[in-house]
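The values are calculated or read from the model by the stated rules, or taken from the named source; none is laboratory data. In this text, all values refer to a predicted model and were calculated from it rather than measured experimentally. Backbone-built Cβ (ideal geometry, glycine too); neighbour counts: all protein chains shown. In case anyone asks, the SASA skips ligands and DNA or RNA and just uses the protein heavy atoms, side chains included. Shrake-Rupley method; radii C 1.70, N 1.55, O 1.52, S 1.80 Å.
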Amino acid sequence: MAATQAIDTLTPEDAQAEHARLVAEITHHRALYYQKDAPEISDAAYDALEKRLAALEKHFPTLAGAHSPTATVGAAPAAGFGKVKHRVPMLSLGNAFEDEDVTDFVASIRRFLVLDDEAPLDFVAEPKIDGLSLSIRYEDGRLVQAATRGDGAEGEDVTANVRTIDDIPNTLTGPVSGKGTPAVLEVRGEVYMRREDFLALNKAQAEKGEKVFANPRNAAAGSLRQLDASITAGRPLRFFAYTWGELSEPLGTTQSESRQRLAELGFTLSEPSRLCRTAEELLDYYRAIGAQRATLPFDIDGVVYKVDRLDLQERLGFRTRTPRWATAHKYPAEQAQTILKAISIQVGRTGALTPVAELEPITVGGVVVSRATLHNEDEIRRKDVRVGDTVIVQRAGDVIPQIVSSVASLRPADAKPYEFPTHCPACGSLAVRSTAEKADMAAEMAAVEGGTDAAEAPPGESIETAAEPDGVVRRCTGGLICPAQAVERLIHFTSRLAFDIEGLGIERMRLFFSQGRIREPADIFTLEKREDERLDRIVTMTGFGKKSVEKLFAAIEARRTIGLDRLIYALGIRQVGEATAKLLARHYLTVDHWQESMIKAAQERAAQPTERKPELVGEAYAELCAIEQIGVGVADDMMAFFREEHNRALLDRLLAQITVETYQRPSTTGSPVVGKTVVFTGTLETMGRSEAKAKAESLGAKVAGSVSAKTDYVVVGADAGSKATKARELGLTILTEQEWVDLISGKTAAPE
Ligand code: IVH
């Protein structure tokens, strides 16, 4: 945001121009936050925009209107989900930032209610968790619908997803304490993710080559708003209840009583909460929670104060979009100033160079931070961050510390603009900027090691951040001669979805590598033989116990036999993530067949490096590209691997040490449809299209999208159209849904 001018010095024209700019900006950021789950600015920066807009409208009342963001909340629901109209609107909260705002809040309530100074006025204070709000409707104690806030009037129907959240009862326990469960009850609260669950999720996502989230709030939103509820089910979502919507009978006469009832009905509340009587007590609470903030298991962005008596809440009522009886007291983003001592460069598995800020250690929100991510070359230039600068480090909701800006006035006279290295710091090879980056490299691109020493990441483990946009990554071209890439590749080789060798984690691998004990994958499997007589030596040199070394050798032995898909994935070829590796294994079945085919395809490609049509490159290459979901880009990354003599030799040395199992197609033995091509058309009754497809594929059938002479079966549901007609014309075997089900369950024999 540009420097802000004092509002009372603005001309009406300037005010109007700034208003328009702010409205556009806020609308943009709301869409990013609520619909895309991908905010570009911190919550604190967003709040500042809203605050400025409100101040402008206060001073120039003609600017305000029904369409101003000050009069609306959130953003309209995203496409893809059904819509739900909220019977009671889902509103937002006003914000307090300074102590004075809190005393004003209490005073204005007293004024509104015409209470004298002696009259008691209680508040419930509770943490404000940074997640996304949800309304869950129960009828006769059964969960019937759940919706996101959306724009406050209409949200998204996420019922199926919400049913998978453990914290949310599907049926309410009641009658409780003699009272029945209300016939209609809309429970409202926040869906969120704990920090440790968030970190574990991101780690797993990165390993799978899938999206990593910037912070727990985005992870929660992204997980809840999945069109496939089974994905939500696998995510560690939690819920706490803080209020209610439509009710057939009151839950109590006060906020605290109602909270108690919600707890009895089986909901988790926002805790620790406290009943407070004065502004001073509210501020005490605010400070007490603030002191615990860094150690709470979840991210909070403030605390909420609510008038306790519901009759008073009723009298106080609402402004356009916020209640008068409650407010949020926000904490400042956790920021601190420190000195940038150096910028170091980390080299990832595929050679990506990531700049890391080495800081004079500083406490940010209770956590010691000595390193922070600088994301990439462009980011350093944009922020003009220089070594020697005093910089602002931030840990807002985001767990990964980052550099917000440098303080220009404190810059040493001799500080020079940072020059991003053009050569790899680990091996000296040329580093070039690449243009196309794929998600399966997300993990390494912005990995900052051991950025903090507190709760978030065990020392030495990488902290992942979201993938950077295309085109900003500079990459070492050293390939195998680069020791940094070599060790990262080894770490990948033994990771969970690859060889998964217990006891050979990141730190040990680095140690073995630096000692020269393990230089390439094959060395892992000869380690014991080479070190056998010297077990004692390895014990003294590594500092590991004898037991632990023996355990490690046993773990390595257990992995001497491995599946083809794991082997392919473990090689760490660019763009070949878990899913691609499986596709390849499923197609080539044996390691010999795969290896020969790849070498042949690489030769073909080397002779025709620019040809765009795979058929014209050669047979083996075309076969590879014909595998569904494998495009020329992925194929060429594989070719790049197999073209190199040292890669082929490395693979041979590894294969001499291990046994690779033939890929087992998932349980297709005895399947009547193995190898058959099936087309589904029309509406199926007993299962959805994706379920039908998954089932057929699991039985070894190939599911095609269109009918041709090669189609074996056309399964026709209700309202089938042109595909069924075409099938009849071609004289193909047409099955009803029931006939298909009978066929795959073995009830009937395959039709001729
Ligand atoms: S009470 C009438 N209590 O913060 C609105 N909200 O910034 C009543 N939030 O939309 C909301 N923790 O999504 C309330 N303990 C808490 C909360 C909380 C988080 C969220 C909620 C709300 C937003 C407002």
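General remarks:
- Computed log₁₀ I(q)/I(0) - Debye formula, equal Cα scatterers, no solvent, the chain, q 0.05, 0.06 Å⁻¹: -0.34, -0.49
- Antiparallel bridge percentage (DSSP; both residues within region 671-752; nearest 5): 10 percent
- Expected 222 nm ellipticity per residue - DSSP helices of 4 or more, -39500 (n - 2.57), all of the chain, to 500: -10500 deg cm²/dmol
- Virtual paramagnetic centre 7 Å along Cα→Cβ of D592, amide N under 19 Å, in region 616-652: 649, 651-652
- Annotation: extensible slack from L275 through K529 equals 84.7 nm (criterion: 0.36 nm per residue apart, minus Cα-Cα distance).
- In plain terms, the chain from Q629 to D166 could stretch by 163.2 nm, reckoned as 0.36 nm per residue minus the Cα-Cα distance.
- Degrees between helix 591-607 axis and first principal axis of the chain (Cα, 0 to 90, nearest 10): 90 degrees
- Calculation over all alpha carbon pairs of region 289-335 in 10 angstrom steps from 0 returns a P(r) of 24, 38, 25, 13, 0 percent.
- Nearest 10 degrees, 0 to 90: helix 12-30 Cα axis against the chain principal axis: 50 degrees
- Residue ranges 337-345, 324-332, 13-21 sort as 324-332, 337-345, 13-21 when ordered by packing (mean number of other C-beta atoms within 10 Å per residue, highest first).
- Options F213, G234, P182, ranked by Cα towards positive dipole end of region 96-236, top entry (Cβ charges): G234
- Heavy-atom surface of the chain, accessible at 1.4 Å and reported per residue (Å²): 46 Å²
- What the Cβ-Cβ distance of E615 and K693 gives, at R0 = 22 Å and to the nearest 0.05, is a FRET efficiency of 0.20.
- Across the chain, C-alpha contacts under 8 Å between residues 6 or more apart give a mean separation that, scaled by the residue count, equals a relative contact order of 9 percent.
- Tilt relative to the chain, helix 632-643 - C-alpha long axis, 0 to 90 degrees, to 10: 50 degrees
- Partners for K83 among lysines (Cα-Cα distance below 27 Å; same-chain residues under 8 apart left out): K36, K128, K211
- Unpartnered cysteines - no second Cys beta carbon under 4.7 Å - across the chain: C276, C625
- Under 27 Å of direct C-alpha separation, and excluding same-chain neighbours fewer than eight residues apart, K416 reaches these lysines: K341, K383.
- Per-pair calculated FRET efficiency, R0 = 51 Å: A579 and D284 via Cβ, rounded to 0.05: 0.45
- Dipole of region 303-417 [Lys/Arg +1, Asp/Glu -1 at C-beta], most positive-end residue of L353, I343, A333: A333
- Surface share of carbon and sulfur [accessible, 1.4 angstrom probe, percent] for region 535-652: 51 percent
- Amide N proximity, region 206-230 versus F420 label position 7 Å along Cα-to-Cβ, cut-off under 11 Å: none
- Projected label points at L247 and R728, each 7 Å from Cα along the beta carbon direction, are separated by 6.1 nanometres.
- Taken about its Cα centre, region 318-365 carries a charge dipole of roughly 500 debye when the Cβ of each Lys and Arg holds +1 and the Cβ of each Asp and Glu holds -1.
- Within the shell defined by Cβ-Cβ distances under 14 Å, the residues around D414 carry a net charge of +2, with Lys and Arg each +1 and Asp and Glu each -1.
- Assigned charges on the beta-carbon of Lys, Arg, Asp, Glu; the chain dipole about Cα centre (debye): 1200 debye
- Positive dipole terminus of the chain, leading residue within L655, L374, A486 (C-beta point charges): L655
- Sorting the segments 130-141, 259-270 by their mean number of nearby beta carbons within 10 angstrom, highest to lowest, gives 130-141, 259-270.
- R433-S344 FRET efficiency (beta carbon distance; Förster radius 22 Å; 0.05 resolution): 0.70
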